[in-house]
Every structure is written in C-alpha cells, then in structure tokens.
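Only one structure is covered here, and it is reproduced in the block below.
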Amino acid sequence: MTVDERIERLTERHEALAATVELVEHQIQENSRHIERVVTLVEGLTDNVTKLARVAEKHERRLDQLDGGRA
C-alpha cells in the first residue's frame, strides 16, 4: 500500500467518523428535547398528585367530622 493510498484511507475514515459524530450530536440534542418534555410532564403530574392528596385529606377530615368528630 502506498503512502497516497494510506492517506486516502485515513481521509475516508476521518470523514466517516466526522459524519458519525454529527449524527450522534443530533441524536443527543433530540434526546435532550425529549427529556425536557418528560421532565415537564412529570412535574405536572407531581403537582396534580399533590393537589389530589390535599383534596383526599380534606374529604377524609369531613367524613371524620360527620362520623362524630373523630380526628
């Protein structure tokens, strides 16, 4: 194999690696956007569960009061 052939192979490998890095970078950016959406959804769900827990506690207190003031 000549020096020129080796340089050409190295150049091809470099180009292939550069393309792979670009694809990986794009995928990482896309995954980051998806993760941000998931985090936002989980935060919303957490807030809703907290609100539901408060409502359940209030209803439980009301039922206890109706049952004779047990608390």
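We did not get these values from a lab; they are worked out from the coordinates using the rules stated. Please read these numbers as outputs of a predicted model, since none were measured by experiment. All Cβ positions, even for glycine, are placed from backbone atoms using ideal geometry, and neighbour counts span all protein chains on display.
Once Lys and Arg get +1 and Asp and Glu get -1 on their Cβ, which of Thr46, His34, Thr2 lies farthest toward the positive end of the dipole of the chain?
Thr46
Size of the dipole of the chain about the Cα centre, Lys and Arg at +1 and Asp and Glu at -1 on the beta carbon, nothing else charged, in debye to 20?
Working: 11 positive and 15 negative charges, 161 e Å.
Dipole of the chain, to the nearest 20 debye: 780 debye.
Tell me, Kirkwood radius of segment 21-64 from alpha-carbon pair distances, in Å?
Mean inverse Cα-Cα distance, inverted, gives 13.0 Å.
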